[in-house]
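Undergrad: Encoded as structure tokens, here's the structure I'll be asking about.
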Amino acid sequence: MRTVLIIDDHAGVGEALSLLLSLHDIEALYAASPAEGLALLAQRRVDLVIQDMNFSADTTSGEEGRELFQQLRERHPDLPIILLTAWTQLEQAVALVKAGAADYLAKPWDDAKLLATVENLLELAENGRALRESRQEQRQRRDELHRRYRLDGLVVESPALLRCLELACQVARSAAPVLVTGPNGSGKERVAAIVHANSAVADGPFVAINCGALPGDLIEAELFGAESGAFTGAARAREGRFEAADGGTLFLDEIGNLPLAGQVKLLRVLETGRFERLGSSRSRQTTVRVISATNSDLRAMVRAGTFREDLYYRLNVIEVALPGLAERVPDILPLAEHFLAGRASLSDSAREALMAHPWPGNVRELKNAIERAALLAPGRVIGEQDLALPTASPLASRNLDEPSREAVVAALESASGVISRAAQSLGLSRQALYRRMERYGLDAG
């Protein structure tokens, strides 16, 4: 049950507030002095405090209330506090609100206003506590991931990337083929390397080939090798990537660009582990963990007849869907600092620009922007102008129904941080607003 502590030397005030709150399913605790209130807080969990500003007879300065507020804030920094004040202490109350008090109400109070304030603050405290617990759980999961697996220095702060890496590490020890999907520049090869580094063949080679970077008539020779004279220019025999990766991992990037003829031969190797070099009839045996990656919609390609369905299911035993940087907003600044490596520092305006940019080129685009800025501003503070980020049309980068980070910040400020009010002004549910706050790296307090 939600619990409110009332600290006031007038028993009548405590009785009236307790009755009002109890009628709305809120448990009320009463303390007649600051010492009694602090003692209760040490014994009970309390969600909100309503405190008077004076506790001694003939005292109207508000100094006692200020001292109590400071003690509460020191011992319970996240506890919301409402100040009850007479007009003589109004200036003091306003100063304490600026110092972190949740709100102040003048005596005699308005029941409806007091209840609305209490309900909003209790809701904010509950959701904020849930968000802090979620973040703490995420930190523990991330630390556990770093402890148990080799992540090769990969920066991970966002829940989206954390879930992706947990799956990748979970399946790494099996021999099952893994398909890494995601947009260009999102780090698919890094994820493939992490799967290899934590696999049973981690001591073997990690061989990568970009299927989209080779002419169709050379892919077969690249994958399976060729004998001398097998084609024009083949002056000597050469081994293919499957031979080179024997006992390790073969990473097939941009697998969607593999022509149908190559798909047939790749399927046979995946099924039997056997292949022939181009120009040879002798079968060779290989044991290779295959990880493939694509930014294409392979299901659509299967329906269109440009990608074999049997090969798709053979490659996609486990799919690791890597999100783009726009879905990993908490990773942006840590990645930027990682790429800077202490060569310069980021100004507040640069940080805001990095967070606001849609990053269509994903992590690769961010790295290039940081490298360019570090060259232009070596050893000094990087400003927004040093990043030289392209100006994107809001319509091109964001759904019209999706509030921007700036809109969310403005709504929270206008609502004094009360989530329900901010969500209502944005036309969102509380849960939807919390998801966007997490995406934009905003703290609920």
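Undergrad: By average Cβ neighbour count within 10 Å, what is the ranking of 144-150, 361-367, 371-377 from highest down?
TA: Working: 144-150: 13.0, 361-367: 19.1, 371-377: 16.6.
Those peptides, ordered most packed to least, come out 361-367, 371-377, 144-150.
Undergrad: Which value in nm describes the separation of the simple spin-label points at Ser404 and Glu27, placed 7 Å from the Cα toward the beta carbon?
TA: That separation, rounded to one decimal, is 4.6 nm.
Undergrad: Just order 100-109, 2-11, 38-47 by mean Cβ neighbour count inside 10 Å, highest at the front, would you? Please list the in-between numbers first.
TA: Details: 100-109: 17.3, 2-11: 19.8, 38-47: 13.8.
Highest mean packing first, the order is 2-11, 100-109, 38-47.
Undergrad: Measuring from centroid to centroid over Cα atoms, what is the spacing of the stretch 25-48 and the stretch 142-201 in Å?
TA: If you average the Cα positions of each part, the centres end up 48 Å apart.
Undergrad: Multiplying the sequence separation of Gln170 and Arg236 by 0.36 nm and subtracting their Cα-Cα distance, what value in nm do you get?
TA: Numbers: separation 66, 0.36 × 66 = 23.76 nm, distance 4.21 nm.
Full extension from Gln170 to Arg236 adds 19.5 nm.
Undergrad: Restricting to bridges with both residues inside the chain, how much of the DSSP beta-bridge set is antiparallel, in percent to the nearest 5?
TA: About 10 percent, rounded to the nearest 5.
Undergrad: Express the relative contact order of the stretch 265-337 as a whole percentage, based on alpha carbon pairs under 8 Å and six or more residues apart in sequence.
TA: Numbers: 34 pairs, mean separation 14.5, N = 73.
Answer for the stretch 265-337 is 20 percent.
Undergrad: I need the peptides 189-202, 252-265 ranked by packing, meaning the mean over residues of other C-beta atoms within 10 angstrom, with the highest value on top.
TA: Values: 189-202: 20.1, 252-265: 18.5.
So the order, starting with the most tightly packed, is 189-202, 252-265.
Undergrad: Here are a few candidate values for Cα extents along the principal axes in Å: (i) 89, 41, 36; (ii) 60, 58, 46; (iii) 107, 45, 39. Which one was actually calculated from the structure I just gave you?
TA: Step by step, Cα extents along the principal axes in Å for this structure corresponds to label (iii).
Undergrad: Could you work out how far apart the two model spin labels at Ser425 and Ala16 are, taking each label as a point 7 Å from the Cα in the direction of the beta carbon, and quote it in nm?
TA: Those two pseudo-labels are separated by 3.1 nm.
Undergrad: So, one more: How high is the relative contact order of the chain, in percent, counting Cα pairs under 8 Å that sit 6 or more residues apart?
TA: Working: 680 pairs, mean separation 55.3, N = 445.
Over the chain, the number comes to 12 percent.
Undergrad: Simple spin-label model, 7 Å along Cα-to-Cβ: Arg343 to Asp143 in nm?
TA: 3.3 nm
Undergrad: If you place +1 on the Cβ of every Lys and Arg and -1 on the Cβ of every Asp and Glu, how big does the dipole about the Cα centre of the chain come out, in debye to the nearest 20?
TA: On the way: 50 positive and 60 negative charges, 480 e Å.
Here the size comes out at about 2300 debye.
Undergrad: So, one more: Would you work out if the stretch 1-129 is rounded, prolate or oblate? Take a ≥ b ≥ c from the square roots of the eigenvalues of the alpha-carbon gyration tensor; rounded if a/c is under 1.5, else prolate when a/b is larger than b/c, oblate otherwise. Write down the numbers at each step before the final one.
TA: Numbers: a/c = 1.31, a/b = 1.22, b/c = 1.07.
Rounded.
Undergrad: Return the FRET efficiency for the residue pair Ser283, Ala213: r is the Cβ-Cβ distance, R0 is 30 Å, and the value is rounded to the nearest 0.05. All intermediate terms of the calculation are to be shown ahead of the outcome.
TA: Values: r = 28 Å, r/R0 = 0.93.
E between Ser283 and Ala213, to the nearest 0.05, is 0.60.
Undergrad: So, counting K/R as plus one and D/E as minus one, what does the shell of residues with Cβ under 9 Å around Gly248 add up to?
TA: Numbers: positive: Arg289; negative: Asp203, Asp246.
Around Gly248, the charge tally is -1.
Undergrad: What accessible area per residue comes out for the chain, rounded to a whole number of Å², with a 1.4 Å probe?
TA: Numbers: 21750 Å² over 445 residues.
Computed with neighbouring chains in place, this is 49 Å² per residue.
The values are calculated or read from the model by the stated rules, or taken from the named source; none is laboratory data. Quantities reported herein were computed from a predicted structural model and do not represent experimental measurements. Virtual Cβ from ideal backbone geometry, glycine too; neighbours counted across all protein chains shown. Only protein heavy atoms, including side chains, enter the accessible area calculation; ligands, DNA and RNA are left aside. Shrake-Rupley method; radii C 1.70, N 1.55, O 1.52, S 1.80 Å.
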